[in-house]
Amino acid sequence: MTEKPDDILMHIPERLKEARNKRGLSLEAVANLSGVSRSMVSQVERGESSPTISTLWNLTQALQVDFAGLLEGTQAGEQIDVIRSNDLPAFDNLGQGCRIYILSPPEEAGGHEVYDIHFDNDGALSSQPHARGAREQLTVLSGSVELTSGSACETLNQGDTARYAADVPHAISTSQGPARVFLIVAGA
């Protein structure tokens, strides 16, 4: 039986604490190994703080636990992992007039990430430079967008694909109505 997203989130604190105790690590040791402050580790374990994906990634790496396993619970040997469209993790606060759906598995954070981004008219998503050598590939599924990467600028219409440097400031915006894009971020 698959757990609901809310159930999964409720179990993260106990799963992290179990992993820390299983390895005989103190809060201080986990903080030193993960780069996450001791107080934040403690707050996450007590369920008093909702960790970012980056924080969870750092904690799972320090605890040597599978990121996906932390979120999913018990795994079956042969299975198809399905995330229904209504259950996709999404962000509304990273841009202006856009909703970002995360399609890639959480353990890919910082490596190879895949997003479905829905823009309202006059929507925009501006990004600071990623790691050196990072690249993005964007395909317009509907509408049209203006894309900038450093000083380069292009208008892309439905069906167009662009590949560009993401280790410089870059942005996607709309001005001619709503748009939807498929974005792949490849870290260096």
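Conditions tested, residue by residue: (1) under 13 Å from the mean Cα position of the chain (by Cα); (2) under 30 Å from residue 64 (Cα atoms); (3) modelled with pLDDT of 90 or more.
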site: 88; (1), (2), (3): yes, yes, no
site: 91; (1), (2), (3): yes, yes, no
site: 94; (1), (2), (3): yes, yes, no
site: 108; (1), (2), (3): yes, yes, no
site: 114; (1), (2), (3): yes, yes, yes
site: 117; (1), (2), (3): yes, no, yes
site: 123; (1), (2), (3): no, no, yes
site: 126; (1), (2), (3): no, no, yes
(message) One residue is enough: does the range 22-32 have a residue meeting the conditions at pLDDT below 85, assigned to a helix (DSSP H, G or I), over 17 Å from the mean Cα position of the chain (by Cα) and not assigned by TED's automatic domain parsing to the domain that holds residue 111?
(response) yes
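Looking at the range 176-188, which of its residues are assigned to a loop (DSSP other than H, G, I, E, B), surrounded by 14 or more Cβ atoms within 10 Å (Cβ to Cβ) and out of contact with any Phe, Trp or Tyr (no Cβ under 9 Å at 6 or more places or on another chain)?
Let us first name the residues in the range 176-188 that are assigned to a loop (DSSP other than H, G, I, E, B), namely 176-178, 187-188.
Checking the rest, the ones that are also surrounded by 14 or more Cβ atoms within 10 Å (Cβ to Cβ) come to 178, 187.
Result: 187, single match.
The values are calculated or read from the model by the stated rules, or taken from the named source; none is laboratory data. A quick note: this is a predicted structure, and the numbers were derived from the prediction, not measured. Neighbour counts run over all protein chains shown; Cβ positions are idealised from the backbone, glycine included.
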